[in-house]
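These notes concern the structure reproduced below.
None of the figures in this text is laboratory data; all of them are computed from the coordinates on show. If you're wondering where the values come from, they're calculated on a predicted model, not measured in any experiment. Here the Cβ positions follow ideal geometry from the backbone for every residue, glycine too, while neighbour counts run over all protein chains shown.
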Amino acid sequence: MRFAHLADTHLGYRQYGLYEREKDYYNVFEEIVTSIVQERPDFVIHSGDLFEFSRPPTQALLHVQKGFLAFKDAGIPIYAVPGNHDTVMRKNALPPQLLFKEFGLKVLSSNHPYFNHEDIFLGGSPYVSKYHSASLEDCLKQLEKASQNYAKSILILHQGIDKYLPFEYELELAQIPETFDYYAMGHIHNRILDDFGEGKMAYPGSTDIWKLDEVGNYQKKGKGYYLVDLAGDLLDVEAVNLDLPREFIQKEMEYSQRKAEIEQLKKEILKLPQKPVLHLTVKGGNFSRVEAFEELNKAFSDLVLTMRPNFQIESLENEKILRKGHSLDVKSMLRERLSDLDSELVTNLALELLQEIGEGRLENAEELTHKFYEELYDH
Ligand SMILES: [Mn+2]
């Protein structure tokens, strides 16, 4: 008995606002479906964040329709839980996964927390925020009980665990029953394969680079899905890697060395099969951001999909401006501007967004906004 485990496909995500990046996610998904169908497993598990949004764009729905139809034609059922991205944070709202019931998709929910596939127990829960972790703990205890008389048992969750996500977890390792054979996890975008209790704890990771900090893990461990063999006494987990067509390049350069560095980088980029995403940090010395940007833009605009520059200028002049900036009370200015909304929460969000966006960390800003609304709907 074999199954494929994937998660965090984030279909519909238009990274940097670029349609090319939205298409990259669709292409990777299609490649994964083709690869899984070729492997002919007995079933597939998707551990959440199938879509980027709880109301996905039609193109994303069509790609899932096409993929799941290929699974259906091959006789491969799919078990899934909604993640934080594809959960609708309103009472009695349904996740978009339910559209694919007729394609052989079985969604685990509080009404239907487990299925069996022959003698294998498949239990789990949709994403639960940290404010409701007590109810998740109850649910886990019930699943542990229900799974007792099966030959093998799998727990499917979309949660961050303290051991791997020490600052943003929703679930502590100690809250998880140790009796399952395989923990089919989603949510953490890096690949993690660990021993836990009597089984394996597995995060297959996101299928494309969703945030810049995933690049290091991608270079070390690749991206793709896990293929799990349950036949033997010891469970066998194989990481199936798919090459991402588009590279992410992260580079720092000293301003004084820039000319040689730019030439070297251009040569590297020309070897790539597709235009990469380029994150450049230029630092050192006192230079003009505008001129440096123009120089970089001229060098790279035709060679890359998008260039995300970041300038770290070290100069007295700059410090003076910063200090002057601090003497302005930005917070009270924002509060005044946002007075209609009458909320300290909104003011704080605006202040944080201003800092992140001001320093070019758009992804952090996006995540802050996601979290803000998530918590707002949660209370
Ligand atoms: Mn995710």
Testing the spin-label approximation: label points 7 Å from Cα along Cα→Cβ at Asp195 and Asn348. State their distance in nm. 4.2 nm
Efficiency of FRET from Cβ geometry, Asp42 and Leu173, R₀ 30 Å, rounded to 0.05: 0.55
Express in nm, to one decimal, how much length is gained between Ala231 and Lys141 on full extension, taking 0.36 nm for each residue of separation and deducting their alpha carbon distance. 29.8 nm
Starting from the Cα of Glu30, move 7 Å in the Cα-to-Cβ direction to define the label point; list residues of segment 40-71 whose amide nitrogen is under 12 Å from there. 63-64, 66-67
Arranged from highest to lowest average of other beta-carbon atoms within 10 Å per residue, in what order do the peptides 40-46, 183-189, 270-276, 355-361 appear? 183-189, 40-46, 355-361, 270-276
Using the 10 angstrom Cβ neighbour count as an exposure proxy, how do Phe53, Phe3 rank, fewest first? Phe53, Phe3
Cα gyration tensor shape for segment 186-322, rounded if a/c is under 1.5, else prolate or oblate: prolate
Given the peptides 113-119, 63-69, arrange them by the average over their residues of other C-beta atoms within 10 Å, most packed first. 63-69, 113-119
So which of Lys221/Lys266; Lys23/Lys66; Lys223/Lys283 end up more than 22 Å apart, counting from Cα to Cα? Lys221/Lys266; Lys223/Lys283
Angle in degrees between helix 316-327 and the longest Cα principal axis of the chain, rounded to the nearest 10: 70 degrees
Paramagnetic reach from Leu99 in segment 25-62 [backbone N under 12 Å; point 7 Å along Cα→Cβ]: 51-62
Summarise the long-distance tail of P(r) for the chain by giving the % of C-alpha pairs beyond 34 Å. 36 percent
If one takes the longest principal axis of the Cα atoms in the chain, at what angle in degrees, from 0 to 90 and to the nearest 10, does the Cα axis of helix 289-300 lie? 60 degrees
Rounded to 10°, Cα long-axis angle of helix 362-378 versus longest principal axis of the chain: 50 degrees
Would you mind calculating the relative contact order of segment 2-241 from Cα pairs under 8 angstrom and at least 6 residues apart, reporting the percent as a whole number? 20 percent
